[in-house]
Amino acid sequence: MGDGHIPRRTRTVGITIAVAALGAAVYAVVTQLTGPVVFGEDDREITVSAGTRFSIRLADTPSTGFRWVLAAPEPDPAVLKETGGHYDADEPARPGSGGIRYVDFMARGAGRTEVTLRYCFRCGTPQADEQDENKRIRRFRVTVN
């Protein structure tokens, strides 16, 4: 059987590109399946490698008007970047029931920084009460290798 008159160099380049694409696809799937490393509310000292995605998991009840927000001072952007987050409601979800808030980060470069999360009432609204005696603050020291 013939090679279809495709020059050998062209075949080699095509195979190389296909193998590289397959490797990138496998890496993307493994990254999505494994997800970020998750740290709990009591994990105040966090050490990760540069390039690592991770989440901080906190108990939350947003139906009460309280929610977790990134507070000042924000983490050093050369070391750490907030990438969003999500909320998983307890099952069955009912009015007033709680759940778990995940705040997501990407470790960018070597260094140390601090993450401060504040549980505040109606954050970002005129009704927000900065002096609320029920506010909670959690500080996490993050070291990126």
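The values are calculated or read from the model by the stated rules, or taken from the named source; none is laboratory data. Just so it is clear, the structure is predicted and the values come from calculations on it, not from any experiment. Neighbour counts run over all protein chains shown; Cβ positions are idealised from the backbone, glycine included. Side chains included, ligands, DNA and RNA excluded: accessible areas come from the protein's heavy atoms. Shrake-Rupley method; radii C 1.70, N 1.55, O 1.52, S 1.80 Å.
Going through the stretch 72-84 one residue at a time, which ones are open to solvent by 50 Å² or more (accessible area, probe 1.4 Å) and either at pLDDT below 95 or closer than 21 Å to A59 by Cα (or both)? Spell out the reasoning first.
Initially, the stretch 72-84 is screened for residues open to solvent by 50 Å² or more (accessible area, probe 1.4 Å), giving 72-74, 76-78, 81-83.
The answer is A72, P73, E74, E82, T83.
Are any residues in the stretch 38-71 open to solvent by 20 Å² or more (accessible area, probe 1.4 Å), touching a Gly at 6+ places or on another chain (Cβ under 9 Å) and in contact (Cβ under 8 Å) with a residue 60 or more places away in the chain, and if so, which ones?
Answer for the stretch 38-71, where residues must be open to solvent by 20 Å² or more (accessible area, probe 1.4 Å), touching a Gly at 6+ places or on another chain (Cβ under 9 Å) and in contact (Cβ under 8 Å) with a residue 60 or more places away in the chain: just A50.
Out of D90, D104, I need the residue that is touching a residue at least 60 places away in the same chain (Cβ under 8 Å) and acidic (D, E). Which one?
Result: D104 is the single residue among D90, D104 that is touching a residue at least 60 places away in the same chain (Cβ under 8 Å) and acidic (D, E).
Go through the stretch 102-145 and give me each residue that's among the aliphatic types (A, V, I, L, M), modelled with pLDDT of 95 or more and open to solvent by 30 Å² or more (accessible area, probe 1.4 Å).
M106, A110 - these are the residues of the stretch 102-145 that are among the aliphatic types (A, V, I, L, M), modelled with pLDDT of 95 or more and open to solvent by 30 Å² or more (accessible area, probe 1.4 Å).
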